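The values are calculated or read from the model by the stated rules, or taken from the named source; none is laboratory data. Note that the structure is a prediction, hence the values are computed from the model and not measured. Backbone-built Cβ (ideal geometry, glycine too); neighbour counts: all protein chains shown. These accessible areas exclude ligands, DNA and RNA; they are computed on the full protein's heavy atoms, side chains included. Shrake-Rupley method; radii C 1.70, N 1.55, O 1.52, S 1.80 Å.
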Amino acid sequence: MDRKVTQQVTRATFDEVMVPNYAPSAIIPVRGEGSHIWDKEGKEYIDFAGGIAVTALGHSNPTLVNVMREQAGQLWHLSNVMTNEPALRLAKKLTEKTFADRVFFANSGAEANEAAFKLARRYAFDHFGPEKHEIIAFNKSFHGRTLFTVSVGGQAKYKEGFEPTPGGIKHCDYNDIEQLKAIISDKTCAVVMEPIQGEGGIIPANIEFAKQVRELCDQHNALLVYDEVQSGVGRTGTFFAYEQLGVTPDVLTTAKALGNGFPVGAMLATEKAAKSLAFGTHGSTYGGNPMACAIAEAVVDIVDTPEVLSGVAKRHDLFVEGLKALNEKHHVFKEIRGMGLLIGAEMIDSLAGKAGEIIKAAAEEGLFALVAGPNVLRLAPSLIIPEQDIAEGLARLDKAIATVVANNKAA
Ligand SMILES: Cc1ncc(COP(=O)(O)O)c(C=O)c1O
């Protein structure tokens, strides 16, 4: 057998063997524990990024590691020709905790959204006919990278060069009800929104806007689809963010934190809507597999407790106070906003486009953080990050900001 045996891999290997659609950092982490990560050289980092709002219960969470080990020794995979106990238990919990009556399991956020958008089309087709197929979504929204989800997403750059994309999709500005009124009609089958726009810059929905979107959907028999892929599973301080808006969707998608890093997504729906994904209309080989569902069940059990959810609110305050103090010192942010532990700090105009420089400098100081577009520094740490890690991470961010400010003065 003529196989190349590759033992040594480095960051340079990425540029040799990986499709160049990502540009990963030079750091290759090899181990994580709680809110700490170590790279190959043994350098330690504090994690305010959470794998992009995923590792909500920290790295190598001991309870999750045990659940995973136990399930791994029992049953990994069946396919949906058979059901399995972890999937049924998880679905029961998700329906008990939410508005939803039914669950479809997927493997990612994009796949959960794909299911939701297909359901919206099929529901309208079943109840009102093929003319009612338009989906309305919001500018700057992000719903995933499949062809349907980039088409519903409100960022043109993700569609460029992939046309023709699916049709029958309209966009308008978030938090602007007049624009929605102007384009919604009886042809609309669904309005899709994030209760807080994540990738678009950490922009929470106005409560009044959210209520009026619900009313317009009802007037036009359109389903209201909430994309809680990023905001769900405790991230905003309630199990789902919709609970804080006082608006109930018909369909909700979630992923990211649901598996704490093990790939799993879910679409939740009312009984009435779910009926339209009848036998044979949609499916997935892996969706709802016992490994993913056993882990997600444990995540849900831990997150949906008063200790964890009230802890999110407390930590939100610590982060916001900390960022405000850094801002008083360095004058770099024009707004600090967000919900729970999904926090954005928008750069002042003279530092527009520099959020990426901050996260690079932060990594040098031993801190992982994120951006949400070029102007917004985004933090999405573990929901149970210890207070001393918050303090230490903010101290490292302080140094990183000082470096960026100095570099930009010198430039
Ligand atoms: C709101 C939202 N929807 C969908 C997605 C896509 O999820 P995934 O990358 O798991 O497909 C993301 C990912 O960032 C997201 O933030």
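Projecting the Cα positions of ALA362, ALA391, GLY373 onto the charge dipole of region 349-408 (unit charges on Cβ atoms of Lys, Arg, Asp and Glu, taken about the Cα centre) puts GLY373 furthest along the positive direction. Considering region 324-390, its Cα convex hull presents a mean projected area of 4.6 nm². Only Lys, Arg, Asp and Glu carry charge here, each on its Cβ (+1 for the first two, -1 for the last two); on that basis region 123-266 has a dipole of about 340 debye about its Cα centre.
Using only the alpha carbon atoms of region 149-192, find the Kirkwood hydrodynamic radius as the inverse mean reciprocal pair distance, in angstroms to one decimal. Walk me through the numbers before you get to the answer.
Numbers: mean 1/r = 0.0855 Å⁻¹.
So the Kirkwood estimate lands at 11.7 Å.
Here the simple spin-label model places points 7 Å from the Cα toward Cβ, and for ALA23 and ASP301 these points are separated by 4.4 nm.
Contact order for the chain, expressed relative to its length and based on alpha carbon pairs under 8 Å spaced 6+ residues apart, stands at 22 percent.
Could you work out how much longer the chain between PHE14 and LYS93 gets when fully extended? Use 0.36 nm per residue separation minus the Cα distance between them, nm to one decimal.
Details: separation 79, 0.36 × 79 = 28.44 nm, distance 4.03 nm.
Stretched out fully, the PHE14 to LYS93 stretch lengthens by 24.4 nm.
Overall shape: prolate for region 258-411, with the ratio a/c of the largest to smallest alpha carbon gyration tensor axis at 1.5 or above and a/b above b/c. Classify region 159-222 as rounded, prolate or oblate, taking a ≥ b ≥ c as the square roots of the eigenvalues of its Cα gyration tensor: rounded when a/c is under 1.5, otherwise prolate if a/b is larger than b/c and oblate if not. Taking the square roots of the gyration eigenvalues as a ≥ b ≥ c, region 159-222 is oblate.
Nearest 0.05, what FRET efficiency do GLN74 and TYR286 give at R0 = 22 Å with Cβ-Cβ as r?
Values: r = 17 Å, r/R0 = 0.78.
E between GLN74 and TYR286, to the nearest 0.05, is 0.80.
Label positions at ILE348 and LYS157, each projected 7 Å from the Cα along the C-beta direction, are separated by 2.5 nm.
Extension gain, ASN221-MET82: 0.36 nm per intervening residue step, less the Cα-Cα distance, totals 46.6 nm. In region 77-151, Rg over Rh equals 1.03, where Rg is the alpha-carbon radius of gyration and Rh the Kirkwood radius from pairwise Cα distances.
In this structure the chain gives 46 Å² per residue of accessible area when probed at 1.4 Å with all protein chains present.
The count of lysine pairs in region 93-217 whose Cα atoms are under 22 Å apart, excluding pairs fewer than 8 places apart on the same chain, comes to 21. Rolling a 1.4 Å probe over the protein heavy atoms of region 255-308, with every protein chain left in place, gives an accessible area that is 60 percent carbon and sulfur.
The average projected area of region 98-244, computed from the convex hull of its Cα atoms over all directions, is 8.6 nm². Taking only protein heavy atoms and a 1.4 Å probe, the accessible area of region 57-154 is 55% carbon and sulfur. If you bin all the Cα-Cα distances of the chain at 10 Å, starting from zero, the percentages per bin are 5, 21, 30, 27, 13, 3, 0.
For the chain, give the magnitude of the charge dipole about the Cα centre (Cβ charges: +1 Lys/Arg, -1 Asp/Glu; no others), in debye to the nearest 20. Intermediate values should be presented prior to the final figure.
Numbers: 41 positive and 50 negative charges, 106 e Å.
It comes to approximately 500 debye.
What Kirkwood Rh does region 281-337 have if only Cα atoms enter the pairwise 1/r average? Answer in Å. Write out the running numbers ahead of the final one.
Numbers: mean 1/r = 0.0670 Å⁻¹.
Computed over Cα pairs of region 281-337, the Kirkwood hydrodynamic radius comes out at 14.9 Å.
Structural descriptor for region 8-136: relative contact order 10 percent, calculated from alpha carbon pairs under 8 angstrom and at least 6 residues apart. Each of the peptides 125-131, 182-188, 32-38 was scored by the mean count of other Cβ atoms within 10 Å over its residues; in descending order, highest first, they stand as 32-38, 182-188, 125-131. With a simple spin-label model that places each label point 7 Å from the Cα along the Cα-to-Cβ direction, the separation between HIS331 and GLU392 comes to 3.3 nm.
At each listed q (0.10 Å⁻¹), what is the log10 of I(q)/I(0) that the Debye formula gives for region 1-98 modelled as equal alpha-carbon point scatterers? Normalising to I(0) and taking log10 leaves -0.51. Using a Gaussian network model of the chain in which every pair of alpha carbons under 10 angstrom is joined by a spring, one finds that among LEU78, LEU326, LEU258 the greatest mean-square fluctuation is at LEU78. Which parts of region 376-408 would a label at LYS360 reach, counting a residue when its backbone N lies under 14 Å from a point 7 Å out along Cα-to-Cβ? Only 401, 403-408 fall inside the zone, counting backbone N under 14 Å.
For region 359-398, what class follows from the C-alpha gyration tensor (a ≥ b ≥ c being the square roots of its eigenvalues): rounded when a/c is under 1.5, otherwise prolate if a/b is larger than b/c, else oblate?
Working: a/c = 2.49, a/b = 1.35, b/c = 1.85.
It comes out oblate by the Cα gyration axes.
Cross-link reach is defined here as a Cα-Cα straight distance under 18 Å, omitting same-chain residues fewer than 8 places apart; for LYS92 the lysines meeting it are LYS272, LYS275.
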